[in-house]
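Below is one structure, written out as structure tokens; comments come after it.
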Amino acid sequence: MKSLNPLDFYNVRDQLSEDEQLVQDTVARFVDDKLLPIIGECFEAGRFPKELIPEFAELGLLGSSIEGYDCAGLNSVAYGLICQELERADSGIRSFVSVQSSLCMYPIYTYGSEEQKQRWLPPMARGEKIGCFGLTEPHGGSDPSNMKTVAKKKGSDWVLNGAKMWITNGSIADIAVVWAQTDEGIRGFLVEKGMKGFDAPEVHHKMSLRASVTSALYFDDVLIPAANVLPGVTGLKGPLSCLTQARYGITWGAIGAAQACLQEVLAYTAERNLFGKPVAHTQAAQLRMADMARRITCAQLLSLQLGRLKDAGKLHPSQVSMAKWNNVRMALDIARDARDLLGGAGITLEHVPIRHALNLESVITYEGTETVHQLVIGKELTGVSAF
Ligand SMILES: Cc1cc2nc3c(=O)[nH]c(=O)nc-3n(C[C@H](O)[C@H](O)[C@H](O)COP(=O)(O)OP(=O)(O)OC[C@H]3O[C@@H](n4cnc5c(N)ncnc54)[C@H](O)[C@@H]3O)c2cc1C
């Protein structure tokens, strides 16, 4: 019998359409040629490789699920595969694409006016304009209903005051989708770089997602024209629906990070001789690697089914919560265990597990912490909110 692919034990690839396989192969080549050679240095230097944005755009990775407006119009499984391949390189790179596509372009596409769509989506798809998404506030991201950022009507315009924290792409963004309390409920505002009273300083000294830009956003009497309010949504449903899109991509991305760790461990333990034999020939190492393959396989099947449900319009947000919880926990555990199987060498950036483990410490926290997703599922099961 032909031996199995350790990174695709159940041959999930076989379930993909030709178009989906093509997307995966194209992004995989880009990752191998352009990202993997530089990503360790970027992480060490705390640098997001901005110079690659035109290539992300060229490959159709920005707003890939959107129809029209110069976007690729791919299905959800293809978007998932993009996330998986990018995060095989680094969670920070996948975060950039997730935020641009699911957290900034998606709300403009779904809730924006035709004028807002025409103005922002084509240049965002071309990578000429960068976006970010401001929901989390300094006093507690898990409870967005306790939002302090506020917009007050001034004639037909608005005046925005408040602060957002931990905002991916914040300092490099040309446009921020900012969620604020109003007399009508929570609304989305398009805040443009350079608007008077708006500042987006970068957060430094991060030990995680170092190849990604993270910022605070401050609003001090920022005048927002009426044309910059998203007309199509009021209430928490707006930001939460965007998060469902982005979390869906994260479930796939985490698989890529875990695959990169397993691949490295398989290669390393095959060569590392201890007590007269390769570490890979010991029962303890094989048990650990078998467990990694088992957990990656379960995650792959979960995300594929999630993608098919999403494309059929049958996705439930609690299903995304389960996959985000399962897949990110899986990847974080695998990255930590892979780091250990590499011994002392595992603490250097010569090998990928420590970088993935550090990154995944953010991924397990952002877009809903593990606890938050567990409570979402608890509520779905019991009908009672325990938040
Ligand atoms: C690198 C990075 C990038 C990010 N990018 C963005 C972005 O682009 N846009 C954006 O809006 N946000 C972003 N975030 C913010 C992220 O979504 C929040 O950090 C996250 O939602 C958690 O909020 P918090 O950090 O305030 O923690 P808190 O909400 O203060 O949570 C602290 C702890 O309390 C736990 N907890 C919360 N509720 C309960 C409960 N009911 N019962 C028991 N325990 C509970 C949590 O699980 C957590 O362990 C980013 C975060 C990071 C680290």
Test result for Gln263, surrounded by fewer than 20 Cβ atoms within 10 Å (Cβ to Cβ), in a helix (DSSP H, G or I) and more than 16 Å from the ligand (Cβ to nearest atom): yes
Step by step: first the residues of segment 349-385, then only those that are farther than 19 Å from Val320 by Cα, touching a helix residue (DSSP H, G or I) at 6+ places or on another chain (Cβ under 7 Å) and not charged (D, E, K, R), then the one that is surrounded by the fewest Cβ atoms within 10 Å (Cβ to Cβ). Which residue is that? Leu349
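Per-residue answers, yes or no, for (1) assigned to a helix (DSSP H, G or I); (2) more than 29 Å from Gln118 (Cβ to Cβ):
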site: Pro144; (1), (2): no, yes
site: Lys148; (1), (2): no, yes
site: Lys152; (1), (2): no, no
site: Ile167; (1), (2): no, no
site: Phe219; (1), (2): no, no
site: Gln245; (1), (2): yes, no
Under 9 Å by Cβ, and 6 or more places apart or on different chains, what pairs join a residue from segment 131-143 that is more than 9 Å from Met165 (Cα to Cα) with one that is within 6 Å of the ligand (Cβ to nearest atom) and at pLDDT below 95? Ser142/Phe387; Asp143/Phe387
Name the pairs: first residue in segment 361-387 and in contact (Cβ under 8 Å) with a residue 24 or more places away in the chain, second residue of a type in the set (Val, Ile, Thr) and in a helix (DSSP H, G or I), Cβ to Cβ under 6 Å, at least 6 apart or on different chains? Val363/Val328; Ile364/Val328
Would you confirm whether or not segment 91-110 contains a residue that is assigned to a loop (DSSP other than H, G, I, E, B), of a type outside the set (Val, Ile, Thr) and touching a Phe, Trp or Tyr at 6+ places or on another chain (Cβ under 8 Å)? no
Failed criterion for Met165 (all others in (1) within 17 Å of Leu103 (Cβ to Cβ); (2) without any contact (Cβ under 8 Å) to a residue 24 or more places away in the chain hold): (2)
Since Trp179 meets every condition but one in (1) of a type outside the set (Lys, Arg); (2) in a loop (DSSP other than H, G, I, E, B); (3) within 12 Å of the ligand (Cβ to nearest atom), which condition does it not meet? (2)
Return the only residue of Ile250, Ile255 being crowded, with 24+ Cβ neighbours inside 10 Å and either more than 16 Å from the ligand (Cβ to nearest atom) or not in a helix (DSSP H, G or I) (or both). Ile255
Looking at segment 56-70 only, could you name the residues that are among the hydrophobic types (A, V, I, L, M, F, W, C) and touching a residue at least 60 places away in the same chain (Cβ under 8 Å)? Phe56, Ala57, Leu62
Would you check if Lys379 is under 21 Å from Gly92 (Cα atoms), within 14 Å of the ligand (Cβ to nearest atom) and at pLDDT 95 or above? no
Here is a list: Glu44, Glu67, Glu20. Which entry is touching a Leu at 6+ places or on another chain (Cβ under 7 Å) and over 27 Å from Glu202 (Cβ atoms)? Glu20
If I ask for residues that are in contact with a Pro (Cβ under 8 Å, 6 or more places away or on another chain) and within 13 Å of the ligand (Cβ to nearest atom), which ones from segment 140-163 would you list? Pro144, Ala163
Members of segment 122-177 that are surrounded by fewer than 21 Cβ atoms within 10 Å (Cβ to Cβ), among the aliphatic types (A, V, I, L, M) and touching a Phe, Trp or Tyr at 6+ places or on another chain (Cβ under 6 Å): Ala163
What about Gly112, is it away from the ligand (no atom under 16 Å from the Cβ), of a type outside the set (Ser, Thr, Tyr) and buried (at least 20 other Cβ atoms within 10 Å of the Cβ)? yes
Determine whether Glu271 is touching a residue at least 24 places away in the same chain (Cβ under 8 Å), among the acidic types (Asp, Glu) and out of contact with any Ser or Thr (no Cβ under 8 Å at 6 or more places or on another chain). no
Which condition does Ile175 not pass, out of (1) hydrophobic (A, V, I, L, M, F, W, C); (2) farther than 23 Å from Arg94 by Cα; (3) in contact with a Gly (Cβ under 9 Å, 6 or more places away or on another chain), if it passes all the others? (2)
Any chance segment 220-233 includes a residue that's within 30 Å of Ile354 (Cα to Cα) and surrounded by 15 or more Cβ atoms within 10 Å (Cβ to Cβ)? no
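The values are calculated or read from the model by the stated rules, or taken from the named source; none is laboratory data. It should be emphasised that the depicted structure is a prediction, and the values quoted were computed from it without experimental measurement. Cβ: placed from backbone, ideal geometry, glycine included. Neighbour counts: every protein chain shown.
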